[in-house]
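Reading through the structure tokens given below for one structure.
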Amino acid sequence: MTSSQFPAQPDFLETVNRAYLYGRSGLPLPDLSAQLTAGWRGVHFASRLTLPPEPLTSAVSAVAAQVERPGSAERRIGTRVVAAQPGLAVDIPATVAQLRQQLAAALPQGTLRVQMVVRPTAPPEPATAPQASAEPLLLRLSNLQLSLAPAEVDRLVRAPAALRSYLEALAAQIDQRPRDARLRFDPATGAVTVLSPSQPGRALEIEASLRAFTEAATSQASGVELPVTPLAPEVDMHRIAEMGLRELVISSQTSFDGSSASRLRNVEIAAEQFEGVVLPPGKIFSFNEIVRDVSSANGFEDSLVIWGDRTAVGVGGGVCQVSTTLFRAAYAGGFPIVERYNHGYIVDWYGEPGLDATIFTPTVDFRFRNDTGAYLLIDPEVDSTNGILVVNFYGTRPARTVTIGAAQITDRIEPEAPLYTVDESLEPGQIQQVEWQKEGMTVVLTRTIVENDTPRTDTLRSQYQPWRAVYLVGPGTPIPTPEPKEEAP
């Protein structure tokens, strides 16, 4: 096999994200040690490969079909007895796992040699060895019918691993994930309507199909019904009355007034992804699972984003306006926060420090759990004219109160002196500011939740690095001399 046979791609986003999070765990001493090590010796981050499992399994299955051989029962030829011979089967999941491990460890070039995982199979008993069918076997499953020639039926019955591979390939064709409904709540009337319908899914039962196929083939049956299990959606549009969608649970608002046209567009596109999303009770909300890919292919535009230790133009600037507003609603509503990261430095768009949530698809996510016991409907509202984003959660309001204490700010760090960089595209004497200074600090918030007369508290810690101002200046422009800082008396 060669690496070109697989659609494997280096996961550069994941690599950049690991580099970004290096030395930013929120633990001061380990973070300081990691940052000093990185600055002195450097840190190497190798890109891992992203490999879809289906093509890899198909490729290994194709090779396995050439390697596997059925066992043979004891038989008599004239006066000579030929002993039974074991068969040979390829353990496809183990071989795929071994191959994925080697591919993920490095970026292979050319031919990659992998030892297939094989195991012997017991020879069939003479009296019970499956016999070749004399007629084609008709497979019936869902709305599909397939006719297999007798030789193919015999081959599959005699090679269980090949039969499993065949059924798994069949399942890939007919399996269908259920689709959840998206709903809309009318706060004036309390009515719930369907934005997009739900759709049931289906899945081929592999183990039951193995038994049914073998039984039909060895009993000379003309056909077999392979069991397909219907899969119900978690949010079924026919069960809205049971969901408990009856009132506003919590609402959150942030401002993006003054954003560039591209940033405004990104806020609108990201918010649209969450319209009518319904979270079943006990389930975990994942920002990245819904947005999936922040890329130009999905309509996102170039805008300013935080990239490592600088602000740069990148796809999706403004998406964090939506993740931050969602986080604030979940935090103020007392929902358990499963995963959340603050931005590298304080960003004015997100209000007071400590209540922002950054995302970086596909690895840096924002997640919370719906612990209300009812379904939770998410309704974002974008006021593009006034630059206001509102996120509403509708469902059944839990009997709890949530109090968020005043922010405790420590470890204040003044930013370095402004940086001036010559830009040949500017006129002499022209100065353009591209970064604004921000103080570094640690912010700790304490949230108290009282439910059933029982209080519980949790803390939210955010660590922001200092950010210095950066100016672009035209050629020959005098660089301002920074004013000396006053010493404390």
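The values are calculated or read from the model by the stated rules, or taken from the named source; none is laboratory data. Bear in mind that the values here come from a model prediction, so they are computed numbers and not experimental data. Cβ placement follows ideal geometry from the backbone for every residue including glycine, while neighbour counts extend to all protein chains displayed. For accessibility, only protein heavy atoms count, side chains too; no ligands or nucleic acids. Shrake-Rupley method; radii C 1.70, N 1.55, O 1.52, S 1.80 Å.
So what's the gap between the Cα centers of the stretch 319-349 and the stretch 193-218, to the nearest angstrom?
The distance from the Cα centre of the stretch 319-349 to that of the stretch 193-218 comes to 40 Å.
How big is the Rg/Rh ratio for the stretch 151-286, C-alpha atoms only, Rh by Kirkwood, two decimals? Please report the intermediate quantities before stating the final value.
Values: Rg = 23.7 Å, Rh = 19.4 Å.
Answer for the stretch 151-286: 1.22.
Estimate the FRET efficiency between Gln176 and Gln66 by the formula 1/(1 + (r/R0)^6), using the beta-carbon distance for r and 35 Å for R0, to the nearest 0.05. Provide the component values of the computation, followed by the final result.
Values: r = 31 Å, r/R0 = 0.89.
E(calc), rounded to 0.05, equals 0.65.
Which percent of Cα pairs goes in each bin when the distances of the stretch 198-239 are cut into 5 angstrom slices starting at zero?
Going out from 0 Å in 5 Å bins, the stretch 198-239 shows 5, 21, 20, 15, 11, 10, 8, 6, 4 percent.
Beta carbons within 10 angstrom, averaged per residue: use that to sort the peptides 57-66, 373-382, 445-454, highest first.
Working: 57-66: 16.7, 373-382: 20.2, 445-454: 13.2.
Ranking the peptides 57-66, 373-382, 445-454 by packing returns 373-382, 57-66, 445-454.
Take each of the peptides 465-472, 405-412, average the number of other beta-carbon atoms within 10 Å over its residues, and list them starting from the highest.
Values: 465-472: 17.4, 405-412: 11.5.
Highest-to-lowest ranking by the protection proxy: 465-472, 405-412.
Under a 1.4 angstrom probe, counting protein chains only, how are Ile250, Ile404 ranked by accessible area, largest first? Let's see the in-between values first.
Details: Ile250 35, Ile404 70 Å².
Greatest to least solvent exposure: Ile404, Ile250.
Which FRET efficiency value, to the nearest 0.05, do you get for Asp293 and Ala232 by plugging their Cβ-Cβ distance into 1/(1 + (r/R0)^6) with R0 = 41 Å? Please report the intermediate quantities before stating the final value.
On the way: r = 28 Å, r/R0 = 0.67.
About 0.90, to the nearest 0.05.
Quick check: residue separation of Gln85 and Leu21 times 0.36 nm, minus the Cα distance between them. What number comes out in nm?
Result: 17.4 nm gained on full extension.
Quick check on packing: order 384-390, 437-443 by the mean number of other C-beta atoms within 10 Å, highest mean leading. Could you put the intermediate results ahead of the total?
Working: 384-390: 14.4, 437-443: 18.0.
Order by mean packing, descending: 437-443, 384-390.
For Tyr166, Tyr345, give me the order by solvent-accessible area with a 1.4 Å probe, most accessible first, ignoring ligands, DNA and RNA.
Details: Tyr166 55, Tyr345 25 Å².
In descending accessible area the options line up as Tyr166, Tyr345.
Using the Cα atoms as the points, what is the convex hull volume per residue of the stretch 338-489 in Å³? Each step should come with its number before you reach the end.
Working: hull volume 29.2 nm³, N = 152.
Here the figure is 192 Å³ per residue.
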